[in-house]
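The values are calculated or read from the model by the stated rules, or taken from the named source; none is laboratory data. None of these values were measured; they are calculated from a predicted model. As a convention, Cβ positions derive from the backbone with ideal geometry for all residues, glycine included, and neighbour counts pool all protein chains shown. Each accessible area value is taken on the protein alone, full model and side chains, heavy atoms only, with ligands, DNA and RNA left out. Shrake-Rupley method; radii C 1.70, N 1.55, O 1.52, S 1.80 Å.
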Amino acid sequence: MNFASKTLCVVLLSAAAATASAQVRTERNISLNLANQLAAAGVAACAEKGYAVAVTVVDRSGQVKAMHRADNAGPHTLGSSQQKAFTSASAKGSTLAMMETAQKNPGAANLVYLPGFLLLGGGLPVKSGDDVIGGIGIGGAPGGHLDDQCAQAALEKVKDQLK
C-alpha cells in the first residue's frame, strides 16, 4: 500500500467511527401516567396496613415524575421518599439491600455520604424488562422494611404495564 492509500483508509475509518458514535440513542423511560398510578398504588398499599406515607416516583435520571402524600403523613416523608426513589433509580437496586450491604461491608459504608442517597428500606427500581426506567420510594411506615413491602405491592399492581 502506498502512502496515499494508507491515508485514505485512515480517513475513511475515522469518519466511520465518528458517524457510529454520533448516532442518536433511544432510551426507555417512565411516563407521567404510569408514575401517578404507581404513586397512588404505593399510598393505597400502605393505607391498607394503616400507614400514612409519601410516595415519590422518579424517571430513569432520578428526576421527580410523581409525588403523592397521604393525609396525616409526616412532613419528613416527602424528603425520605424522594431520596429513596433517587437512590434506587440511580444505583439500579433496592435501598433495603444497599443498606444491608453497607452495614456488613465497610467498603460500602461510604455510600451514605453520596448526595441524595438514602440507605433505608423503601426504594426500588422500576424496570421494564431489563431496563431501569425509574424508581419508587416510600417513606413513613414504621420501618423501612414495611415501606419496602408497600413499594413491592405497588410494583406488583402495575406489573402488566412494565412489559
Order His68, His76, most accessible first, counting only protein heavy atoms with a 1.4 angstrom probe. His76, His68
Compare the Cα positions of Ala70, Gln161, Gly144 along the charge dipole of the chain (+1 at Cβ of Lys, Arg; -1 at Cβ of Asp, Glu; about the Cα centre) and return the one farthest towards the positive end. Gln161
Helix axis angle, 76-91 relative to the chain longest principal axis, alpha carbon, degrees: 30 degrees
In Hz, Karplus ³J(HN,Hα) per residue of region 50-67 (6.51, -1.76, 1.60; θ = phi - 60°; x = Gly, Pro): x, 9, 9, 10, 10, 10, 10, 10, 10, 7, 4, 9, x, 8, 5, 9, 8, 9
Amide H within-cut-off set for Gly123, under 5 Å, with H built and near neighbours excluded: Thr95, Leu96, Ile138
Computed over the chain, protein heavy atoms only, probe 1.4 angstrom, the accessible area per residue in square angstrom equals 56 Å²
For region 41-163, what's the relative contact order in percent, using C-alpha pairs closer than 8 Å and at least 6 residues apart? 30 percent
Relative contact order in percent for region 93-144 (Cα pairs under 8 Å, 6+ apart) equals 34 percent
Students often get this wrong, so try it: which of (1) 15.5; (2) 16.6; (3) 17.0 is Kirkwood radius over Cα pairs in Å as calculated from the structure shown? (3)
For region 10-163, which whole-number percentage of the solvent-accessible area (1.4 Å probe, protein heavy atoms only) is attributable to carbon and sulfur atoms? 54 percent
Output wanted: per-residue J couplings in Hz (rounded whole) for region 126-137, from phi through Karplus 6.51 cos²θ - 1.76 cosθ + 1.60, θ = phi - 60°, x for Gly and Pro. 9, 10, 10, x, 8, 8, 7, 10, x, x, 10, x
Whole-Hz Karplus ³J(HN,Hα) for region 140-157, in order, using 6.51 cos²θ - 1.76 cosθ + 1.60 and θ = phi - 60°, x for Gly and Pro? x, 6, x, x, x, 5, 6, 4, 4, 4, 5, 5, 5, 5, 5, 5, 4, 5
Protection-proxy order for peptides 147-157, 78-88, each taking the mean of Cβ atoms within 10 Å per residue, highest first: 78-88, 147-157
Electrostatic dipole magnitude of the chain [Cβ: Lys, Arg +1; Asp, Glu -1; Cα centre; debye, to 20]: 400 debye
